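Below is one structure, written out as structure tokens, with a few remarks after it.
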Amino acid sequence: MDARQQVEALIAALEGQQSDALRELVSARATEKQLGRELERLVDQTHKWELRAMDAVRAGDDELARKALA
């Protein structure tokens, strides 16, 4: 293999690696978006349970409040 062929092979390999890296980046961004939505959902759910616990305390039902926070 002469120098030109070696350079062409190297370029082809680098282009393949670039393509793979781009695919991985797109996948990582999609995962990040999905995890962000899941985090928001869980934060909202936590907030709702905290409100339920506070309502239970106001109603004098400490046991129910503990269950809501468990």
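General remarks:
- Estimated 222 nm signal from helices in the chain, with DSSP H stretches of n ≥ 4 weighted -39500 (n - 2.57), rounded to 500: -33000 deg cm²/dmol
- Spacing of the modelled spin labels on Leu39 and Ala12, each 7 Å from Cα toward Cβ, amounts to 4.3 nm.
- Per-residue surface analysis assigns Lys67 an accessible area of about 130 Å², computed on protein heavy atoms at 1.4 Å probe radius.
- Residue-wise HN-Hα couplings along the range 51-56, as the Karplus relation 6.51 cos²θ - 1.76 cosθ + 1.60 with θ = phi - 60° gives them from phi, are 5, 4, 5, 5, 4, 5 Hz; Gly and Pro carry x.
- Residues in the range 10-15 carry Karplus couplings, in order, of 5, 4, 4, 5, 5, 5 Hz; the curve used is 6.51 cos²θ - 1.76 cosθ + 1.60 with θ = phi - 60°, and Gly or Pro positions show x.
- Rg to Rh quotient for the chain, alpha carbon positions, Kirkwood Rh: 1.63
- Whole-Hz ³J(HN,Hα) from phi, Karplus 6.51 cos²θ - 1.76 cosθ + 1.60, for the range 34-42, glycine and proline x: 4, 5, x, 5, 5, 4, 4, 4, 5
- Cβ-based net charge around Arg66, under 15 Å, with every Lys or Arg adding one and every Asp or Glu removing one: -2
- Length available on full extension from Leu22 to Arg58: 0.36 nm per residue minus the Cα-Cα distance, which gives 7.6 nm.
- Most positive-pole-ward Cα, Ala12, Ala65, Leu25, against dipole of the chain from beta carbon charges: Ala65
The values are calculated or read from the model by the stated rules, or taken from the named source; none is laboratory data. Since the model is a prediction, treat every value here as computed from it, not as a measurement. All Cβ positions, even for glycine, are placed from backbone atoms using ideal geometry, and neighbour counts span all protein chains on display. Quick note on the areas: whole protein, heavy atoms, side chains included, nothing else; ligands and nucleic acids left out. Shrake-Rupley method; radii C 1.70, N 1.55, O 1.52, S 1.80 Å.
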